[in-house]
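Have a look at the structure below before the remarks.
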Amino acid sequence: MSELRVALTGFPNCGKTSLFNSLTGSRQKVANYPGVTVEKKEGDLHLSNGQQVKLIDLPGTYSLRPQSPDEQVACDVLLGRKDWTEQPDLFVVVLDATQLERSLSYVLELKQIEKPLLVVLNMMDLVEKSGFDIDAVKLEKELGLPVVGAIGTRKKGTLALLEKIENFNFEREWKPIASYQDPQNRFKEVERILSLCQTEKKQEVPFSQKVDHILLHPFFGTVFLSLVLLIVFQAVFHWSEAPTEWIEQFIGILSQTVSRWMPQGPLQSLIVNGMIEGVGATVVFLPQILILFFFVLLLEATGYMARAAFLMDRLMGGVGLHGRAFIPLLSSFACAIPGIMATRTIENKRDRLATILIAPLMTCSARLPVYALLIAAFIPNDPVWGPIRLQGLVMFGLYFAGVVSAVAVAFVFKKTILSGAKPPLLLELPDYKWPDPKNLIIGLYERARLFLKRAGTIILSLTVLLWFFSSYPKKPENVPGTSIEYSYAGRMGKSIEPLIQPLGFDWKVGIALIPGFAAREVMVSSLATVYAIETEHQDAEIEVELSDRLKSDWSLVTALSLLIWYIFAPQCFSTLAVTRRETNSWRWPIFMLIYLLGLAYLASYLFVRCATWMGWA
Amino acid sequence: MSDQLQEWIALGIVALVFLKILCSFFKKEIAKPLSQFLLKKGKVKWAMKVHPFSKK
């Protein structure tokens, strides 16, 4: 029995990925705003008769005339344009059952492509709550297509859908209806069908619209958004205190146990100073990352993120950016890679390029360990106003500085190399929904898994290599200075010291900056390894935390200069690689690398100059 | 455990890690893009040779 290929298609934010996850057991990202899925995803499932099915989740599209690269991906599959793409045997059209006035027209348009179709009415629970009813049997008759009701997020209707797929008549002949080529005729037909299959909707103002009167208000909405962000960053520091301490204690005990159990020597140094100290220094930030993502996932699931995009459109429009750029930029707070991929929802090529170029300026989660380490070491946790404390405020300031610099850079690009008219924002505002706790837990689990996987692969590997470069060649007895100064890494750090000294950095920061180009958080593990090796011949019983070591070795100006460097520095190879893939050229990633490095150097240099002039340094 | 034995084991671990990084670099940055290019050109057998996991 050959594999059956089934593709899910429909408008953006109609619940295709929720249904895909329910059917295949996958954990693809779902959120309550349009444009989350930007490329096709595949998963496997079996029907009760043993038939194997390859399920394809396509990005959302409003019609068969693509307006943006993500819609292009969906339309290429639907129309069979790419000859290396295997054509699906069946298209499952997923519709938001509360919005049939808009989405039924898409079903009629799809009937023109002469392919087997099956319709799923998703979010049937919201239909009931909205106080109207849909007669699925009548709709099936009027459309001439099989129709199933479902609630994707709760796995309801999935069995009925699988049954429909199993009993689907693939022998049936699919003929296009000539009159459906005209959109006006399609809309008339939708009206006719709905008058027969759907009871009248209540005319009262929906809950979401009532709430939006306040949350989308130019003044109150902006105040609310600022408050939300402030609360998030305060929570990142306060809620994480206890779990961070537990992880620190665990790493300390592990490190001391290995030191006692193993005799002193190179292997002990590799395990304790390289692996445990290096990886441990990054892993302690797991609670902070999870708290940040808890809020991001919560806001995404409720539908507030789309409102934030709407509020930000005024600011974005002021610098010539498309309002749709907000969602990719928001994704970049997690990581610039999905953020850059999410720019596929932007139709205009110049707007898309401008958004790709500024995405690395948004503060990604890899910066969080660096920020948290330096803030905890150098900024006192004094109360500022009520429950707001200085550390949380500085963290908020760093995130804010990232946004402001992104906006400023976008303004310059849109006025110079990427100039063009700003198109109006057309953004679908989803209804507010209660977040699904299961999705929230899965989202957090995925984030923790990714972070720990990075710690166990990239960070561990680079830490082991850094340990080698920091320990070899061994310093002969008669040579003055520390062993790390004599090592390859020490020599490399010393050789770049003249270049970074104007920024307030010494050769040890230089050593950590180099592997930090592979991934930002490697900087923390590198610093931990460098300082652990430097002090390895001191009293091993005295456990000194990395933040205390930095406090005694660096000035406040050095720490602040490094924080400023990190707002801009393009220290992530993967971001450059994905930029190459998305722009299909090396020109833009090279430009991105040069302009971000230039900005980082200039900003840190100016800060150190000002600090020296004011007598801080 | 003698100092020399410790050193050999430590350097062995470093060598293994270095090899692993080289392999993943080859897979990600050379084999995958090359096989995708060959797939687009329709030279499936060549693509399978370069990157055995690439599917048509």
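Of note:
- A:Val530 being more than 14 Å from chain B (Cβ to nearest Cβ), in a helix (DSSP H, G or I) and touching a Lys or Arg at 6+ places or on another chain (Cβ under 7 Å): yes
Residue by residue, here is whether (1) away from chain B (no Cβ under 14 Å); (2) surrounded by 22 or more Cβ atoms within 10 Å (Cβ to Cβ); (3) in contact with an Asp or Glu (Cβ under 6 Å, 6 or more places away or on another chain); (4) of a type in the set (A, V, I, L, M, F, W, C) holds:
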{"residue": "A:Gln249", "(1), (2), (3), (4)": "yes, no, no, no"}
{"residue": "A:Gln256", "(1), (2), (3), (4)": "yes, no, no, no"}
{"residue": "A:Met262", "(1), (2), (3), (4)": "no, no, no, yes"}
{"residue": "A:Gly274", "(1), (2), (3), (4)": "no, yes, no, no"}
{"residue": "A:Gly278", "(1), (2), (3), (4)": "no, yes, no, no"}
{"residue": "A:Phe285", "(1), (2), (3), (4)": "yes, yes, no, yes"}
{"residue": "A:Ile289", "(1), (2), (3), (4)": "yes, yes, no, yes"}
{"residue": "A:Leu297", "(1), (2), (3), (4)": "yes, yes, no, yes"}
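- Qualifying residue in the stretch A:448-456 (condition: within 14 Å of another protein chain (Cβ to nearest Cβ) and surrounded by 14 or more Cβ atoms within 10 Å (Cβ to Cβ)): yes
- Pairs with Cβ under 8 Å, 6+ apart, first in the stretch A:364-390 and touching a residue at least 60 places away in the same chain (Cβ under 8 Å), second outside any helix (DSSP H, G or I) and surrounded by fewer than 13 Cβ atoms within 10 Å (Cβ to Cβ): A:Arg389/A:Asp382; A:Arg389/A:Pro383
- Taking the criterion of being at the interface with chain A (Cβ under 8 Å from one of its Cβ atoms), closer than 28 Å to B:Ala47 by Cα and not hydrophobic (A, V, I, L, M, F, W, C), the only residue of the stretch B:6-28 that qualifies is B:Lys20.
- Selection count, the stretch A:457-484, where residues are more than 14 Å from chain B (Cβ to nearest Cβ) and either aromatic (Phe, Trp, Tyr) or without any contact (Cβ under 8 Å) to a residue 40 or more places away in the chain (or both): 7
- Among the residues of the stretch A:578-596, those identified as in contact with a Phe, Trp or Tyr (Cβ under 8 Å, 6 or more places away or on another chain) and either under 22 Å from A:Leu560 (Cβ atoms) or β-branched (Val, Ile, Thr) (or both) are A:Thr579, A:Leu596.
- Residues located in the stretch B:42-56, provided they are within 12 Å of chain A (Cβ to nearest Cβ) and surrounded by 11 or more Cβ atoms within 10 Å (Cβ to Cβ): B:Gly42, B:Lys43, B:Val44, B:Ala47, B:Ser54
- Residues in the stretch A:320-337 that are within 13 Å of A:Thr579 (Cβ to Cβ) and either charged (D, E, K, R) or assigned to a helix (DSSP H, G or I) (or both): A:Pro328, A:Ala336, A:Ile337.
Read-outs throughout are calculated quantities, based only on the coordinates presented, and are distinct from any laboratory measurement. Owing to the predicted nature of the structure, the values given are computational and were not obtained by experimental measurement. Every residue, glycine among them, receives a Cβ derived from its backbone with ideal geometry; neighbour counts consider all protein chains shown.
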